[in-house]
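Only one structure is covered here, and it is reproduced in the block below.
The values are calculated or read from the model by the stated rules, or taken from the named source; none is laboratory data. In this text the structure is predicted, and so the values were computed from the model without any measurement. Reconstructed Cβ throughout: ideal geometry from the backbone, glycine too, with neighbour counts over all protein chains shown. Accessible surface is based on the protein model in full, side chains and every heavy atom, while ligands, DNA and RNA are left aside. Shrake-Rupley method; radii C 1.70, N 1.55, O 1.52, S 1.80 Å.
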Amino acid sequence: MTADTLAASGSGRRGVNYARLLRTALPAISLAIILIGIAYLNPRAISYFGFNLMLNLAIPITLATIAQMFVITINELDLSIGNFVGFVGCVTATWLHDAPLIGISVLVLSVVIYAALGALIHIRNLPSIVVTLGMSFVWQGLAILILPKPGGAAPDWLQSFMGFQPPYVPFPILAAIVIALVMHFGLMRSSYGAVLRGAGGNGQAINRAGWSLLKTKIVMFGLAGVFGVISGMALIGITTSGDANIGNGYTLLSIAGVILGGGEFVGGRVSPIGAVIGSLTLALAASPLLTFMHVPPDWDVGANGIILIVVLAARALTGRKAD
Amino acid sequence: MPVAAKNIIELDGVERHFGAVRALDGVNFAVRRGECIGLVGHNGAGKSTLMHILAGTGIADRGSVTVNGELQATYSVQRAQRLGIRCVFQELSLCPNLSVAENTRISHVSLRGIGWAKRAASLITKRLDEIFPGHGIEAGDIIGDLPIGKRQMVEVARAFTLTDDPLQLVILDEPTSSLDAHAAGQLLSFVRRSVAEGMSCILISHLLGEILDTSDRIVVMRDGKVVADGASSQFDRERLIETMGGAEARDATAAIAETPVSENAPVMVSARPAVQQGGTELLAREGEIVGLAGLAGHGQTRLLIDVFRASTRRQAGVSVAAPVALVAGDRQTDGVFPLWSIADNIGIRSLKGLRRGLFIAAEREKELAHSWQKRIGIRTPDMDNNILSLSGGNQQKALFARALGSDARIVLMDDPMRGVDVATKLEVYDLIRAEARAGRTFLWYTTETEELSNCDRVYVFRNGRIVAALDRSELTEERVIQSSFEEAAP
Amino acid sequence: MPYLRQLMSKAWIWSYIGALIVWLAAIGYTHGYGAGAMVTNALSLAVFMVIVGIGQMFVVTLGPGNVDLSLPANIGLASAVAMKIMEGNDSMIAVGLIAALVSGTVIGIANYALIRVLRIPPIIATLSSSFIILSVDISYGRGLQIKPPDSFANFTNIQFLGIPILAIGGAILAVGAGLALQRMVYGRSVLAIGQNERAAWLAGISVERVRFLTYALSGTLGGIDGALLAGYFRGASVDIGDEYLLSSIAVVVIGGTSVAGGKANVPGIWGAALFLVLLQIMLNTFGVSPGLRLLLTGVIIVGVITVAGGQPATR
C-alpha cells in the first residue's frame, strides 16, 4: 500500500472537528449576514409580512434545490430541472385545473420518466450532463406546446394552500423548516439514506456489499422528479397562472443552492439543511437585499454571482486540505 | 457427513486469465474449519486473484468452487456473505463520506428500522474494543477524516461483525500493512483467539515472521500455481523464501560484485523528511541505488513525492541536482494512461525532446518506443496497441521505459514491482543496475525486502522518519525488519 | 472496400452521416428546392458553434467536472465590446476585434483564477462569472443597438461559390485545433490530464499551466465568436450567445469527445454542428412549431447519446 499512514499532518481529531464545524455552519452564517444586512437597510422587512413577501418565491426554489440535491448526491447533475419545473407549471395551470385526472396522470408519468432516465444513465453509462441537457429541450418543448403563451389558472385548492397564513411563523419559513427536517431525517438519518449516500461516496463498495446501484439511481432520479413536480405546483400556486419559461433560472439556482449549502459535486457529501438554507440565502439575496441596497437592477444577476464566489471562497479557507 | 463438514471451501483446478496473463494457472485449494492458513508469494504470484475468487468478487475462467460440500454454480459476493465468507482487501471498501456506524450498516441489510444507528454503533464498537482495545475510534467519526491506520482498523473490525449471516471464514489481505506494530499485534492475537473458537482465517502477508507465528498451515504460490502446502511447523524463513522463488534472485545479485560509488561523486539528492527531528537525511550520489524500506505507508512515498516536487520548485529540506522522473507503483492511479497506446504512454515524459519545430515528430516517437521495446523487453506484437493489452508486468516495464527514456538523471521508484512476475523483475533489476553504472541515480522504495540487495544503501522509515541507514555491508533482512519496528522494541 | 471500412470505423463519421440524412430529409420535403442555400446557411451558422465548441472541447477534455458555462455571457459581452469600439468606423475594425478577443481572454483567465485560487469547482466558477459578466454586459451595453461597420458586416457575409468565408476560417481553425491536440505538447498534455491527472503530474506535465491555457483559450474563442456574431447578425445583444451554452456542450459530446475527459475529437465537432444546425433547418422547413422543434431536438440528442453509449468504467 503506497498510501501514507501519517500524512494527515498535524491535525488531530479536535482540529478536524473544528474545521468541519465551521464548514457546516457556513451556510447559516451567510444567511445570517444577509438577514442582518436586510435588517439594517430596511428594518420593516423583518416582520411577518416582510418575510412573507421576500420569501414568497423561495419555496419553489427550495424544492427544486432539494431535487438537484438528490441527483448531486449520486455524483450526477440535472441540467433540466428548471425546464421541468416550467413544464409542471404549465400542466398544473391547465390540465390540473380543467381535467384533474389527466393532470395527475401526466405528472405521475413525468416522475416515471425521470426515474427511467436514472435507469438509462446507469445501464448505458451515459454522462448525466448531456442526457439532462437533451431533456431540458424536451421539457421546454412540451411546456410550450401546452401553453404557447402565458395563461391558464391554478387550481383553487393549490392557491389556498400556498396562500395559507399560519400564526406567528410566515408560511415560507414554516415550509422551509418542514422540508429541511423531513429531508434531513430521510437522507441523513435513515438506514436506506446511508446506502444512497454511500453510493455517491464509493459505488463499488456499495455494489460489493450487495446493494443495487441501478436501484439507487432510479430512486434518486425518481425523487428528483417528485420534488420537481412539487416545486412546479407550488410555483403555480403562488403565481396563480402558468408560463412556459417561468422555471428557466431554476437549474442554475438549484445547483448553486446545493453547493452553497455545503454539498460537493462528487463524493456523496450533501447537506439537506444546508441546501435549504442555501436556497433561502439565494432567494433573499437575489432580489430583496439588492433592492434595499439600491443596487441597480442591471446588477441583480451579477450579485448572485458575487455571493456564490464569496461564500465558496470562505468555504475554501475553512476547507479540507486539497490533496 | 464428516467429509462435507470438514472443508468450508474448496477450489478445484481454478484458472483465471487476464488477456495473456495467467493469474491463476490451475489451483487446488481447500480451507478446513478452525484453521489459519498463511498465504505467501511474491507480488504477482496470484494471491490476490485467488482471494477474489474465494470471496466471490472475481469469477474463475475454469474450475469449480465448492462451499460446505455444495458445488457453487453461481458464486458471488452476496452468496459468499450469506455462506459466511468475508474478505478484507487491500483497497479499502469503505465509503469515505459516511461514518463508521453507517459503513457498518452498509454491510448488514438487517440493520434497519428504528434505532438502527445505535445498533450499528454498538456492533462495530464492540468488535473494535475486542480486536483493538484502546483504539480511540468513535462510531460517529467520518471515515474520510480518519488516518489510514484507523480506517484499516474499521475495515477489519467490520469484517468480523455478526448479524444474521454466519461467519465461517475471514480472508485478510495484507491487513497489517497500514497498521502500526501495536495494532498489528492486537489483530494477530485476535485471529488466533477466533481460530481457537472454530473460525477459519486466511492471512496474506509479506512479513514472513507474522505468517510463521500466526498460521497453522502455509501455502506458497508462485507464478499462478500452488508450489507448497504444509503445516507451518515444517517451514522456516529460509525455506519460505526459497520456495517463493527468492533464491535465484539472491544468487543473481550476490554474483555481481558491485564497486561501491566513490565518496567524491556529486550528491544528486539530499532530502530530509518533513517530520524528521535531528539532522538525519537521505543522501544519494551519482550512480548510486538508494533504497527506502520499512513497513508500508511510513513516509517513504511521501519523501519520494517531496523529491519529485523539488525538481520544479523550492521544497524545504530537499534539493536535487538534475531532472527527476518517477516510476509509479500503483499503476492505475499514478501511472497508466488507459486510453493511450503503449508508445504514447512511453513517450509522454519526453515530448519536448521529441519535437521538430512546433510539432512532435512522429518518427522520433516511434523510434523511442521501439528502442525501449527491445531494450527492456516489452512483449507485444505492436507498440501502437492499447496499453491495457499488456500484462501487469509489461505495463510496469512501459512505465520504466517512460522514466528511463526521458532526460531524467534521477529516477524515483515507488514500489514499482507490485503485481509483477519474478521473470520481469529480474530483467528490470539488471537494467536498473546497468543504468546506475552508466551514471543514473535511483531512489527505490520497495516492500519486498529481497529487492534491497540491489541497493548501495538503505534508509529504513518509521512513522515518517528515517530511523536507520544501512550500508550494503550491513544489509540483512533481519536488520531491516528490526529497524522497521524500532520504536516498539523493548 | 477496406478503405470504406476504415472510414466507417472513425467515430466522428456518424455525425456527418446524421447531418447528411437530415439535409436529405429537408430537401426531400421541398423537392430539392433551396438545397444549396440550405447548405450555405448551415455552414454559416455552424461556424459559430464550432468556434466555441473547440474551446469547450479542450476544457471538457481536461477531465470530469471541467466545463465552461460562461460562454453565453462571454459572447454577449464580446459582441457589445466589439460594436462599441468599432462604432461603425471601418478604421476601428481591427481594434474592435482585438478588444473583443481581449475581453474573452480576460474572462478565461478570471475563470481560471476562481478555480485555482479560490478552489471553486469549474461548474460553479464559470456559472458565477457568467452572472457577473451578464451584469457587466447589461450596464455596459446600455440599450444602444450599435451597428457594425459596413465592411465588417459585409466581410462576415462573404461567400465563395456558396461557401461562406467564415466557414473556411472555421475549417482552418479546426485543422489547427486538431494539430494542436495530436501533434503539440499542449494537446498531449490536455489528453493526459483528462485521463489521469495525477499520473500526468508525475509524468512531468505542468498541470496548472495547461489548465490555465485551456480556460484562457476557451475564453478567447468566446470573444472571437461574439465579435463575429455581431458582424454577421449586424448588431450586438446581451442574449446573442444564449443558445451556445447547450450547443457548445452538445457538439462536443455528439462529435465524439468524452465528457469523462482524455479523449477528444475535432472533426466530430464540425459534423455535430452541421447536424444540429441542419436539424433546426429541417424542422423549420417542415413547418414544425417552436415547441415541437425543441421537443424533437431534445429527443434526438438523448437518442444519439444513448445509442453511442458512455465510456466503460475504467476500474
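Of the residues examined, B:L303 is one that is touching a residue at least 60 places away in the same chain (Cβ under 8 Å), among the aliphatic types (A, V, I, L, M), in a helix (DSSP H, G or I) and within 11 Å of another protein chain (Cβ to nearest Cβ).
Just one of the listed residues (B:S319, B:S391, B:S311) is under 26 Å from C:L62 (Cβ atoms) and of a type outside the set (D, E, K, R), and it is B:S311. Set side by side, the residues B:S64, B:S99, B:S122 differ, and just one is touching a strand residue (DSSP E or B) at 6+ places or on another chain (Cβ under 6 Å) and more than 12 Å from every other protein chain (Cβ to nearest Cβ), which is B:S64.
Which of the residues spanning the range B:269-311 are open to solvent by 60 Å² or more (accessible area, probe 1.4 Å) and either among the basic types (K, R) or touching a helix residue (DSSP H, G or I) at 6+ places or on another chain (Cβ under 6 Å) (or both)? The answer is B:R272, B:R302, B:R309. Remark: B:A157 falls outside the filter, which requires a residue to be in contact with a Lys or Arg (Cβ under 8 Å, 6 or more places away or on another chain), open to solvent by 30 Å² or more (accessible area, probe 1.4 Å) and assigned to a helix (DSSP H, G or I). Just one of the numbered conditions (1) more than 8 Å from every other protein chain (Cβ to nearest Cβ); (2) part of a helix (DSSP H, G or I); (3) under 16 Å from A:R189 (Cα atoms); (4) open to solvent by 20 Å² or more (accessible area, probe 1.4 Å) is not true of B:K150: (3).
Select, from C:R119, C:R142, the only residue that is basic (K, R), out of contact with any strand residue (DSSP E or B) (no Cβ under 8 Å at 6 or more places or on another chain) and under 20 Å from C:S70 (Cβ atoms). Of the residues listed, the single one that is basic (K, R), out of contact with any strand residue (DSSP E or B) (no Cβ under 8 Å at 6 or more places or on another chain) and under 20 Å from C:S70 (Cβ atoms) is C:R119. Residue count for the range B:188-200, restricted to those that are farther than 16 Å from B:I37 by Cβ and not charged (D, E, K, R): 2. Is one or more of the residues making up the range B:407-420 under 24 Å from the mean Cα position of the chain (by Cα), free of Cβ contacts under 8 Å to residues at least 40 places away in the same chain and within 14 Å of chain C (Cβ to nearest Cβ)? No: the range B:407-420 contains no residue that is under 24 Å from the mean Cα position of the chain (by Cα), free of Cβ contacts under 8 Å to residues at least 40 places away in the same chain and within 14 Å of chain C (Cβ to nearest Cβ).
Within the range C:206-230, the set of residues being buried (at least 22 other Cβ atoms within 10 Å of the Cβ) and more than 17 Å from the chain's Cα centre (by Cα) comprises C:R211 only. Among the conditions (1) at pLDDT 85 or above; (2) open to solvent by 30 Å² or more (accessible area, probe 1.4 Å), the only one that C:A236 does not satisfy is (2).
Going through (1) in a loop (DSSP other than H, G, I, E, B); (2) over 30 Å from B:L303 (Cβ atoms) one by one, C:I205 falls short only on (2). In this entry, B:A117 is excluded by the filter for residues that are part of a helix (DSSP H, G or I), over 22 Å from A:S212 (Cβ atoms), in contact (Cβ under 8 Å) with a residue 40 or more places away in the chain and within 12 Å of chain A (Cβ to nearest Cβ).
Return the residues of the range C:42-73 that are open to solvent by 20 Å² or more (accessible area, probe 1.4 Å) and among the aromatic types (F, W, Y); say none if nothing qualifies. Across the range C:42-73, there are no qualifying residues. Flag not set for C:V39, criterion: in contact with an Asp or Glu (Cβ under 7 Å, 6 or more places away or on another chain), more than 14 Å from chain A (Cβ to nearest Cβ) and either open to solvent by 30 Å² or more (accessible area, probe 1.4 Å) or modelled with pLDDT of 90 or more (or both).
Within the range B:434-452, the set of residues being within 24 Å of B:E478 (Cα to Cα), assigned to a helix (DSSP H, G or I) and touching an Asp or Glu at 6+ places or on another chain (Cβ under 9 Å) comprises B:T449, B:E450, B:L452.
Criterion first (in contact with a Ser or Thr (Cβ under 7 Å, 6 or more places away or on another chain) and either farther than 28 Å from A:A285 by Cα or in a helix (DSSP H, G or I) (or both)) does C:A78 satisfy it? Yes. Confirm whether A:V178 is surrounded by fewer than 16 Cβ atoms within 10 Å (Cβ to Cβ), outside any helix (DSSP H, G or I) and either more than 7 Å from every other protein chain (Cβ to nearest Cβ) or of a type outside the set (V, I, T) (or both). No, not satisfied.
Scan the range A:189-209 and give yes if some residue there is within 12 Å of chain B (Cβ to nearest Cβ), part of a loop (DSSP other than H, G, I, E, B) and at pLDDT below 90, otherwise no. Scanning the range A:189-209 turns up at least one residue that is within 12 Å of chain B (Cβ to nearest Cβ), part of a loop (DSSP other than H, G, I, E, B) and at pLDDT below 90. What are the residues in the range A:27-46 that are in contact with a Phe, Trp or Tyr (Cβ under 7 Å, 6 or more places away or on another chain) and open to solvent by 20 Å² or more (accessible area, probe 1.4 Å), if any? Of everything in the range A:27-46, those that are in contact with a Phe, Trp or Tyr (Cβ under 7 Å, 6 or more places away or on another chain) and open to solvent by 20 Å² or more (accessible area, probe 1.4 Å) turn out to be A:L41, A:N42.
The residue of the range C:119-151 that is nearest to the other protein chains (Cβ to nearest Cβ), among those that are farther than 30 Å from C:V60 by Cα and not in a loop (DSSP other than H, G, I, E, B), is C:S139.
Taking (1) over 27 Å from C:G141 (Cβ atoms); (2) open to solvent by 10 Å² or more (accessible area, probe 1.4 Å); (3) assigned to a helix (DSSP H, G or I); (4) within 14 Å of chain A (Cβ to nearest Cβ) in turn, C:K263 satisfies each apart from (3).
Would you check if there is a residue in the range C:183-192 being in a helix (DSSP H, G or I), in contact with a strand residue (DSSP E or B) (Cβ under 6 Å, 6 or more places away or on another chain), crowded, with 22+ Cβ neighbours inside 10 Å and at the interface with chain B (Cβ under 9 Å from one of its Cβ atoms)? No, there is no match, as no residue in the range C:183-192 is in a helix (DSSP H, G or I), in contact with a strand residue (DSSP E or B) (Cβ under 6 Å, 6 or more places away or on another chain), crowded, with 22+ Cβ neighbours inside 10 Å and at the interface with chain B (Cβ under 9 Å from one of its Cβ atoms). For beta carbons closer than 7 Å, sequence separation of 6+ or different chains, a first residue in the range C:95-107 that is more than 15 Å from C:L71 (Cβ to Cβ) and a second that is aromatic (F, W, Y), there are no qualifying pairs. Considering only residues in the range B:65-86 that are closer than 11 Å to B:I9 by Cβ and either more than 27 Å from the chain's Cα centre (by Cα) or basic (K, R) (or both), the one that is surrounded by the fewest Cβ atoms within 10 Å (Cβ to Cβ) turns out to be B:E70. Considering only residues of the range A:238-258 that are within 11 Å of chain C (Cβ to nearest Cβ) and either among the acidic types (D, E) or in a loop (DSSP other than H, G, I, E, B) (or both), which is most open to solvent (accessible area, probe 1.4 Å)? So, considering only residues that are within 11 Å of chain C (Cβ to nearest Cβ) and either among the acidic types (D, E) or in a loop (DSSP other than H, G, I, E, B) (or both), the one most open to solvent (accessible area, probe 1.4 Å) is A:N248. The residue that is surrounded by the most Cβ atoms within 10 Å (Cβ to Cβ), counting only those in the range B:130-144 that are outside any loop (DSSP other than H, G, I, E, B) and out of contact with any Phe, Trp or Tyr (no Cβ under 8 Å at 6 or more places or on another chain), is B:I143.
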